Amino acid sequence: MSKNIGVIGAGAWGTAMAQALARTGHIVEVWAMEQEVVDSINNEHENKKFLSGFKLSENLTASTDIKKVASNKEFLILASPSLYLAKTAQQLVDVPSIADGSTCIGVLAKGFIPSNDGPKLILDTLEEVLPPSYKKSLVYIAGPSHAEEVAMGKLTGLIAASENPKNSIRFREVMKGPGLMVYSSLDVIGVQICAAAKNVIAVVYGCLDAVAEDSELFGDNTESFLLAAGLNEIQTLGFAMGATHPETFTSISGVGDLDVTCRSKYGRNRRFGRDIIKENILAKYSSLDDLISRIGEIGYLPEGAVACKYIHEISVQKNIKLPICNGLYRILNREIEPLDFLKELLS
């Protein structure tokens, strides 16, 4: 049965998810800040700015009016990047269907959000912003899902994680359709950690991948070694943060998402790691904070660069050893050269 669904955020992933839902037959409206994006979607059925080359369903429309997009929707998906998510969510609290808790809300954003008490997980922050009825009821959606392939309709598996089993099932049922297989999980912490930390590992993987092209020391075996060690760090971080299910890390939200993020040609974090080596992209930044403050200059959003700052803070706070994640922090903070770190890590 067709549902009315809103998507807040018309980046590549938000647009791809909106397209997957519209393809299934749902009526989908997406919010974008940029008028050019709205015009492109409504008039040409394509998001030329963030997901060019993919024809979008006529069931999918766009608007710059965020309250309109969020109003009277049975399901709402928040797809804004973590850097802007809290401010975006604050604009929704007085929408009647959200104020009364009747809209079921899912979240696609990955990473951590800073607070006076240290980095917080995505859902923890949103529960502080949204009305009390959303406490332990939000649904976190993640898995190995590059936007380009989701937009094409290529078969993709996702996890819908929530402390509210009913809401997890509701999202699982509304999302499933051509190209999407969706599974439920109660481990909202573990799934969020996997989604955030795999981007950090992927940046280091990209560095190694670029170096390996001209190296007699590093190769495919080394990359698999790094991937396995990275999964171990994700699990270590996850349990330290309160993950509840070990199988989360061997599922599609763990090893599956890590593998595709590291190896796929579509991976922005892998690309960023390669650009660190091939383009010396860090040369114009003095520190990680400088990089984050000017991250728009890169031309694409490497979420792992932001996440590694917060993972470093968490590792210090909880006294856990995460050599790959903290190594990327040292690289981006201009404390060590990438090749020196790789040799140090893998020696």
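The values are calculated or read from the model by the stated rules, or taken from the named source; none is laboratory data. Everything numeric in this text was worked out from a predicted model, so none of it was measured. Methodologically, a virtual Cβ is constructed for each residue, glycine included, from the backbone with ideal geometry; neighbour enumeration extends over all protein chains shown.
Observations on the model:
- Test: S168 is of a type outside the set (A, V, I, L, M, F, W, C), in a strand (DSSP E or B) and either at pLDDT 95 or above or within 17 Å of the chain's Cα centre (by Cα) (or both): no
- Among the residues of region 18-51, those that are farther than 17 Å from E149 by Cα, in contact with a Lys or Arg (Cβ under 7 Å, 6 or more places away or on another chain) and of a type outside the set (S, T, N, Q) comprise H26, E34, E36, V37, H45.
- Residue tally, condition buried (at least 22 other Cβ atoms within 10 Å of the Cβ) and not aromatic (F, W, Y), over region 95-112: 10
- Test for E223: is it part of a helix (DSSP H, G or I) and of a type in the set (D, E, K, R): yes
- Residues being of a type in the set (A, V, I, L, M), surrounded by 22 or more Cβ atoms within 10 Å (Cβ to Cβ) and farther than 13 Å from S63 by Cβ - total across region 1-21: 6
- With respect to being out of contact with any helix residue (DSSP H, G or I) (no Cβ under 6 Å at 6 or more places or on another chain) and either buried (at least 22 other Cβ atoms within 10 Å of the Cβ) or of a type in the set (D, E) (or both), D275 falls outside the description.
- Residues in region 127-151 that are more than 15 Å from the chain's Cα centre (by Cα) and among the hydrophobic types (A, V, I, L, M, F, W, C): V129, L130, L138, A151.
- Taken over region 119-150, the residue count meeting the criterion of being in a strand (DSSP E or B) and hydroxyl-bearing (S, T, Y) is 1.
- Boolean, A86 is without any contact (Cβ under 8 Å) to a residue 60 or more places away in the chain, surrounded by fewer than 23 Cβ atoms within 10 Å (Cβ to Cβ) and in contact with a strand residue (DSSP E or B) (Cβ under 7 Å, 6 or more places away or on another chain): yes
- Test for Y285: is it surrounded by fewer than 22 Cβ atoms within 10 Å (Cβ to Cβ), modelled with pLDDT under 95 and in the same structural domain as E223 (by TED's automatic domain parsing): no
- Neighbours by Cβ (under 8 Å, 6+ apart or cross-chain): first from region 325-343, farther than 10 Å from I276 by Cβ; second hydroxyl-bearing (S, T, Y) and modelled with pLDDT of 95 or more: C325/S315; N326/S315; N333/S287; R334/Y285; R334/S286; R334/S287
- Cβ-Cβ under 7 Å pairs, at least 6 apart or on other chains, region 222-239 side farther than 14 Å from D257 by Cβ, far side part of a helix (DSSP H, G or I) and of a type in the set (D, E, K, R): E223/D209
- First in region 134-146 and without any contact (Cβ under 8 Å) to a residue 60 or more places away in the chain and within 20 Å of K198 (Cβ to Cβ), second anywhere and β-branched (V, I, T) and assigned to a strand (DSSP E or B), Cβ under 6 Å, 6 or more apart: Y140/V107
- Entry remark, region 190-205: residues being of a type outside the set (A, V, I, L, M, F, W, C) and within 11 Å of E233 (Cα to Cα) number 1 in total.
- Helices (runs of 4 or more DSSP H) completely within region 243-347 that count 1 or more residues being among the β-branched types (V, I, T): 257-263, 268-278, 288-293, 303-318, 323-332
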